[in-house]
1. Which whole-angstrom value gives the distance between the alpha carbon centres of the range 36-87 and the range 181-237?
2. Sorted by average packing, counted as other Cβ atoms within 10 angstrom per residue and highest first, what order do 19-25, 194-200 take?
3. On the accessible surface of the chain, probed at 1.4 Å, how many percent belong to carbon and sulfur atoms?
4. Heavy-atom accessible area per residue, the range 71-126, 1.4 Å probe: how many Å²?
5. Under a 1.4 Å probe, what is the accessible area of the range 161-237 per residue, stated in Å²?
6. Please build a GNM for the chain, connecting alpha carbons under 10 Å apart, and tell me which residue among A167, A35, A144 fluctuates the most.
7. Check V118: other-chain or 5+ apart residues with amide H under 5 Å from its amide H, H built from backbone geometry?
8. Give me the lysines in straight-line cross-link reach of K204: C-alpha distance below 24 Å, same-chain residues under 8 apart excluded.
Amino acid sequence: MSNSIFNLKDKVVLITGAAGIQGPEHVKAFESVGAEVVATDIKGTEIILDVTSPDSINQAVKKIIDQHGYIDVLVNNAGATGKYATDWEQIIKVNLTGTYNCCHIIGAAMNQGSIINVSSIYGLVGPDWSVYDQAEYAGKPMGAPAGYAASKGGVISLTRYFASLYAPKVRVNCVTPGGIFDNQSETFVKKYSAKTMLGRMAKKNEVSGTLLYLASDLSSYVTGENIVVDGGLTARA
């Protein structure tokens, strides 16, 4: 791996939302290719970073640069799903404003490298409400709040904006996952899986490979793009 352009040895990779559903998988993936991973979240990590707070972001950046000297890769993984229409403001604050805050503050501290934002298929298409009928997650009814769709659509647009702003030194791209299996109710899993070309939901580690690609020199001529990782769901009419 040492002579491979996929090698990220000694690259400093900052991951927000590292204690969430997919965060630990992303941390493991980057560590497996030699990266120096700085896992951050609002709790449960050595460095605390609240994406909704510019002060928190600035403090985290200072600590990271003091320890490592620089930041090569930023993965904006922190996010909120919400359950109800009343969650609008909090979802927008975390998903959209939080992504903006990190791109704006951390990106300005990067002299080179890659920023990777994380959207959702609901930033591209509207929900099929039939899959949510009698669907549950952690014993509670599932839904798809408008704030989630609006925020994730905004993340894709922010990606293009910051790609233009930071070019040519820092590349900025987006990954848009489909549904990730996390012990949702059997009813939901069955209905959702039937909508995908691959006939299943994604495993938690199946998005990480795209992050590695966008962080590495394999994607050295890729910026301003959105890569969809959804098992073919949005490609099917």
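1. Value for the Cα centre distance between the two parts: 23 Å.
2. Values: 19-25: 18.3, 194-200: 13.1.
So the order, starting with the most tightly packed, is 19-25, 194-200.
3. On the way: 6090 of 11640 Å².
Here it works out to 52 percent.
4. Numbers: 2280 Å² over 56 residues.
Heavy-atom SASA per residue in the range 71-126 reads 41 Å².
5. Working: 3970 Å² over 77 residues.
Per-residue accessible area for the range 161-237 comes out at 52 Å².
6. Largest GNM mean-square fluctuation: A167.
7. N76, V175
8. Cross-link targets: K9, K11, K28, K43, K83, K140, K152, K190, K191, K195.
The values are calculated or read from the model by the stated rules, or taken from the named source; none is laboratory data. Fair warning: this is a prediction, and the values are worked out from it, not measured in the lab. Backbone-built Cβ (ideal geometry, glycine too); neighbour counts: all protein chains shown. For the accessible areas, the whole protein counts, side chains as well, though only heavy atoms, and no ligand, DNA or RNA atoms are used. Shrake-Rupley method; radii C 1.70, N 1.55, O 1.52, S 1.80 Å.
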